There are 2 protein chains.
Amino acid sequence: MIQNIRVAVDAIVFGYQNGKLYVLLIQQKFGTNETYWALPGGLVGNDEPLKEAVQRELKEETNVEVNYLEQLYTFGDDVYRDTRNRVISVAYFALVDSSKLSIKANTDAEHAQWIEVNQIPNLAFDHNKIVQKAIERLKAKLTYQPIGFDLLPKYFLFSELETLYCTILEKEIDRRNFRKKILSFGFVEETEKISVHNTGRPAKFFQFNTQKYNQLLQEGFHFEIKFA
Amino acid sequence: MIQNIRVAVDAIVFGYQNGKLYVLLIQQKFGTNETYWALPGGLVGNDEPLKEAVQRELKEETNVEVNYLEQLYTFGDDVYRDTRNRVISVAYFALVDSSKLSIKANTDAEHAQWIEVNQIPNLAFDHNKIVQKAIERLKAKLTYQPIGFDLLPKYFLFSELETLYCTILEKEIDRRNFRKKILSFGFVEETEKISVHNTGRPAKFFQFNTQKYNQLLQEGFHFEIKFA
DNA sequence: CTATCTTTGTGTAAACATTACGCATTTATT
DNA sequence: AATAAATGCGTAATGTTTACACAAAGATAG
C-alpha cells in the first residue's frame, strides 16, 4: 500500500501592544465568495526542512519575520481535519515584538491581519484548537522562560513588562514585588533612557541582556515567575 | 509539484526497575547480515490517527502496551535523516511500569529488547538524537508532573520513589524532606500493606491516587518537586 | 536476650524566599 | 504651592525549603 499523506506547517504568531495580545491570521478564499480566516501555513516542500517551510510561508503570506520560533505540536489524530485529503499539520509557535505589528505590503500579505486573541472568529480546519494550544503554551512558557521580552520592544518600561504578564496570564501581581523579582535575576538592565509620559514620575527604560541570561543558564540558573 | 514526503511515528518507551532506567529498542536487519538498533516505529496508515499508529507499531514490533503516551516532537528538519526518501518522524514519549519490563513472545517481538539508557548503542537514522530529547523531557516532566508513578508498580515504597527520582535526575535529595514534600500534596496514600525486606525496619506500601490528583488539579494545584 | 546494624518514620530549628504594604520621589496639572 | 499619578525603594510578616537529630521496628550475631 502506498502512503498518501500531505505534510503542512502552520504558524501561530503572537504579538503584543498596549495591553492587548494579538494573533496573526489570514483571510482565505474558498470558491467564489466564501472567505475563511485561517492560520498562515501551507504544504512543506519535498526538500525543505519544516522550520524553513514555516518561515517561507510566513514571509509569502504575511511578510512577517518573527523574533522567536519553536515547534508547538503536530496535529494528525483527526484524520478528517481537512475534508479533501489526509493532511497532518506541524504547528509552530512564534513571537514578534511590537515594532512588527503593522503588516508590510506584499503581494499576498494584504490578506493578513492581527486579530486580538479574545476576538478570534471561527477558523478553518482545526485551527481554533491549535490557537488554543498555543495560548496555553504561551502562558506556561511565560512563567518559566523569559519569552515575554520577545514580545516587547528592545527598550521597555517595567510597567509595560508587568501589564504584559498580567494581561496574558489574566492575573494580578504586586507591581513592586514583580519588579524586585525580575531585577534579582540580573539579566534585565537599567538604561540611560527615560520615558516621559503625560502623567506621573518619568520611568527608566530597561533592556533584556541575552548574553547575561545565557551565561546564567550555563551556571545552572532556572528562570521562574510564580503567579498566585 | 507533487508533495512526496513519508510520515512515520517512532516511540521512545521508558521502563524502570531496581535503580535502572531502560529504553525499548528493536533490532532491524538491513540487507543480509547487517543489523541495526532502532526505536520501534513505522509508517502511518492513510486513515490512521498518529497516536493509534504508534500504539499499533508498538504492539506489532514489541508487544508492549504502555501506561503513559504523549507526543514528544516531530523530526523533520534534517531532510536526509533517511537516505532513501524524505521521511518526517513524529516521535512519541511513553512509560511502562516495571511489571511490563519482560518482553512477551510475539512474531516480531523477538527482536525487541530493553536497553539501559547509559548503554544505548549507535541507533539508525537520528534516533540517538530523539532518545536524547526524550530523556530531557522525562527529566523535566518528573519535576512538574507526577509521571514517576507510571514507572512504578501500583504499590510502591517511598524508598523506591526516592531512588527513581535520584537515578533519573542524577541528583541527591534528602530522603526525609522528599517524603514530607510528596506527602504534603495529598495524593500519595499509605496502604495497609507492609514490605518486609531482609534488613531494616519494615516499610509501608504507598499508592498514587489519580482521582485525588485530578481533583487537586482542578482546584488550581500545581505539582512541583525542586531538585537542588 | 541484649547489643548492633539497617532502614523507616517523625520532628524541629535555621536559612531562605515570597507576600503585603508603607512611603518617598519625580514629573504634570490645577 | 497643592494635588494627582506613576515610579522607585524598603521592611516586617508569613511561608517554604533545607539540614539534621533521633526514635521505631525488624534482622542478625554473640
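The values are calculated or read from the model by the stated rules, or taken from the named source; none is laboratory data. The shown structure was predicted, so the numbers you read here are calculated from the model rather than taken from an experiment. Note that each Cβ is placed from the backbone with ideal geometry, even for glycine, and that neighbours are counted across all protein chains shown. Only protein heavy atoms, including side chains, enter the accessible area calculation; ligands, DNA and RNA are left aside. Shrake-Rupley method; radii C 1.70, N 1.55, O 1.52, S 1.80 Å.
Name the residue that is nearest to B:Leu138 (Cα to Cα), counting only residues in segment B:177-228 that are among the acidic types (Asp, Glu) and within 15 Å of DNA strand C (Cβ to nearest atom). Break it down into steps so the answer makes sense when it comes.
Keep residues of segment B:177-228 that are among the acidic types (Asp, Glu), which gives B:189-190, B:192, B:219, B:224.
Filter again for within 15 Å of DNA strand C (Cβ to nearest atom), leaving B:189-190, B:192, B:224.
Working: B:Glu189: 24, B:Glu190: 26, B:Glu192: 31, B:Glu224: 14 Å.
The residue in question is B:Glu224.
Check B:Thr35 against each of (1) surrounded by fewer than 20 Cβ atoms within 10 Å (Cβ to Cβ); (2) under 15 Å from the mean Cα position of the chain (by Cα); (3) of a type in the set (S, T, N, Q) and name the one condition it does not meet.
Against the list (1) surrounded by fewer than 20 Cβ atoms within 10 Å (Cβ to Cβ); (2) under 15 Å from the mean Cα position of the chain (by Cα); (3) of a type in the set (S, T, N, Q), B:Thr35 comes up short only on (2).
So, in segment B:1-29, how many residues would count as being without any contact (Cβ under 8 Å) to a residue 12 or more places away in the chain and over 30 Å from A:Arg84 (Cβ atoms)? I'd like the intermediate steps shown before the answer.
Here is the first cut: in segment B:1-29, the ones without any contact (Cβ under 8 Å) to a residue 12 or more places away in the chain are B:1-3, B:18, B:29.
Add one more test, that the residue is over 30 Å from A:Arg84 (Cβ atoms), and what stays is B:18, B:29.
Result for segment B:1-29: 2.
Any chance you could count how many residues in segment B:189-228 are farther than 24 Å from B:Asp174 by Cβ, within 23 Å of the chain's Cα centre (by Cα) and either hydrophobic (A, V, I, L, M, F, W, C) or within 16 Å of DNA strand D (Cβ to nearest atom) (or both)?
Within segment B:189-228, residues that are farther than 24 Å from B:Asp174 by Cβ, within 23 Å of the chain's Cα centre (by Cα) and either hydrophobic (A, V, I, L, M, F, W, C) or within 16 Å of DNA strand D (Cβ to nearest atom) (or both) number 1.
So the check is Cβ under 9 Å with 6+ separation or different chains; which pairs have a first residue in segment B:212-228 that's in contact (Cβ under 8 Å) with a residue 24 or more places away in the chain and a second one that's away from DNA strand D (no atom under 14 Å from the Cβ) and open to solvent by 80 Å² or more (accessible area, probe 1.4 Å)?
Listed by first residue and then by second, the contacts come to B:Phe221/B:Gln215.
Yes or no: B:Leu142 touching a Gly at 6+ places or on another chain (Cβ under 8 Å) and more than 16 Å from DNA strand C (Cβ to nearest atom)?
Yes, satisfied.
Only residues in segment B:185-206 that are farther than 17 Å from B:Lys154 by Cα count as the first member; pair them with residues that are at pLDDT below 90 and surrounded by fewer than 13 Cβ atoms within 10 Å (Cβ to Cβ), Cβ under 6 angstrom, at least 6 apart or cross-chain, and list the lot.
Between residues of segment B:185-206 that are farther than 17 Å from B:Lys154 by Cα and residues that are at pLDDT below 90 and surrounded by fewer than 13 Cβ atoms within 10 Å (Cβ to Cβ), the close pairs are B:Pro202/B:Ile194; B:Pro202/B:Val196.
What about B:Lys133, is it of a type outside the set (Phe, Trp, Tyr), away from chain A (no Cβ under 14 Å), away from DNA strand D (no atom under 16 Å from the Cβ) and in contact with a strand residue (DSSP E or B) (Cβ under 8 Å, 6 or more places away or on another chain)?
Details: of a type outside the set (Phe, Trp, Tyr): yes; away from chain A (no Cβ under 14 Å): no; away from DNA strand D (no atom under 16 Å from the Cβ): yes; in contact with a strand residue (DSSP E or B) (Cβ under 8 Å, 6 or more places away or on another chain): yes.
The answer is no for B:Lys133.
So, in segment A:183-222, of the ones that are among the aliphatic types (A, V, I, L, M) and out of contact with any Leu (no Cβ under 7 Å at 6 or more places or on another chain), which residue ends up surrounded by the fewest Cβ atoms within 10 Å (Cβ to Cβ)?
To start, the set of residues in segment A:183-222 that are among the aliphatic types (A, V, I, L, M) comprises A:183, A:188, A:194, A:196, A:203, A:216-217.
When the remaining residues are screened for being out of contact with any Leu (no Cβ under 7 Å at 6 or more places or on another chain), the result is A:183, A:188, A:194, A:196, A:216-217.
Numbers: A:Leu183: 14, A:Val188: 20, A:Ile194: 10, A:Val196: 8, A:Leu216: 16, A:Leu217: 12.
If we take residues in segment A:183-222 being among the aliphatic types (A, V, I, L, M) and out of contact with any Leu (no Cβ under 7 Å at 6 or more places or on another chain), then A:Val196 is surrounded by the fewest Cβ atoms within 10 Å (Cβ to Cβ).
Just one of the numbered conditions (1) in a loop (DSSP other than H, G, I, E, B); (2) at pLDDT below 95 is not true of A:Phe223; which one?
Looking at each condition in turn, A:Phe223 falls short on (2).
Quick check, is A:Tyr68 under 27 Å from B:Asp47 (Cβ atoms) and in the same structural domain as A:Val13 (by TED's automatic domain parsing)? Spell out how you get there, then give the answer.
Details: under 27 Å from B:Asp47 (Cβ atoms): no; in the same structural domain as A:Val13 (by TED's automatic domain parsing): yes.
The answer is no for A:Tyr68.
Might you check whether a residue that is open to solvent by 20 Å² or more (accessible area, probe 1.4 Å) and either at the interface with chain B (Cβ under 10 Å from one of its Cβ atoms) or of a type in the set (Phe, Trp, Tyr) (or both) occurs anywhere in segment A:97-110?
no
For residues in segment A:154-182 being surrounded by fewer than 14 Cβ atoms within 10 Å (Cβ to Cβ) and away from chain B (no Cβ under 14 Å), which is nearest to DNA strand D (Cβ to nearest atom)? Steps first, answer last, please.
Just the residues of segment A:154-182 that are surrounded by fewer than 14 Cβ atoms within 10 Å (Cβ to Cβ), to begin with: A:154, A:170-172, A:174-177, A:180.
Applying the additional criterion that residues be away from chain B (no Cβ under 14 Å) yields A:154, A:172, A:174-177, A:180.
On the way: A:Lys154: 17, A:Glu172: 14, A:Asp174: 8, A:Arg175: 7, A:Arg176: 3, A:Asn177: 7, A:Lys180: 7 Å.
Filtering first and then ranking leaves A:Arg176.
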